[in-house]
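J.: Pasting a structure here, questions to come.
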Amino acid sequence: MKFGEFMAKLQQGEPKHIYLLAGEEHYYIDKARDRILGRLFSDKQECSDSLQKIKGDIDSDDLISLIDTAPFFKTKNVMMIQNASIFRETKKGSTESEGKKATGKDKKMERLLAAFADMPSYSYIIFVSSDKADKRRKVYKAVEKYGVVLEAEAIRAWNINDWLQG
């Protein structure tokens, strides 16, 4: 969804447990990230204590264990995962011919999708990507179903009216 719609939805009701902030416009991503953290935490000290920043790829089983880990002396377990490749488009030439490896990855992905469907009340995930997310992937559809997705398109001449009005 677009930035204005995303910010309006963020103000309604309880915060979601999964967010995906993807796109080329860093201004929108930074504003959305700050607003999400402002909704989750009452002060900066609590935010710095509870926020775990992870850069790059993370194994799906490791992510599931982080999701299920109860916070220690904190109220929330918030993970910000930056530039993970699970939302990127796969190259056409990189198909795997080995059946074992492909089914192993599929099983891991199914476990991750099940974890997204049944998030604990104390865990929150914010995926941040500077690349455009591939909407055809199962993980994207799961995040869209159980969380909120921001598509931060770069500001161009044909879409500047929305930005100016905002």
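J.: Suppose all protein chains stay in the model; what accessible area per residue would a 1.4 Å probe give for the chain, in Å²? Don't skip to the end; give the middle numbers.
T.: Numbers: 10280 Å² over 166 residues.
In whole numbers, the chain has 62 Å² accessible per residue.
J.: Here's a follow-up. If each DSSP helix of 4+ residues adds -39,500 (n - 2.57) and the sum is divided by the residues in the chain, what number results at 222 nm, nearest 500 deg cm²/dmol?
T.: Numbers: 7 runs with 74 residues, N = 166.
About -13500 deg cm²/dmol.
J.: Can I ask one more? Would you mind calculating the gained length between Lys108 and Lys55 on full extension (0.36 nm times residue separation, minus the Cα-Cα distance), in nm to one decimal? Don't jump to the answer; show the numbers that get you there.
T.: Details: separation 53, 0.36 × 53 = 19.08 nm, distance 2.00 nm.
Net length gain for the segment: 17.1 nm.
J.: Can you pull the percent of the chain's accessible area that's carbon plus sulfur, 1.4 Å probe, other chains left in place? Walk me through the numbers before you get to the answer.
T.: Values: 5140 of 10280 Å².
With neighbouring chains kept in place, the figure for the chain is 50 percent.
J.: Points 7 angstrom from Cα along the Cβ direction at Glu46 and Ala70: gap in nanometres?
T.: 2.0
The values are calculated or read from the model by the stated rules, or taken from the named source; none is laboratory data. These numbers were taken from a predicted model, which means no experiment stands behind them. Don't worry about glycine lacking a Cβ; one is built from the backbone with ideal geometry, like all the others, and counts go over all protein chains shown. Side chains included, ligands, DNA and RNA excluded: accessible areas come from the protein's heavy atoms. Shrake-Rupley method; radii C 1.70, N 1.55, O 1.52, S 1.80 Å.
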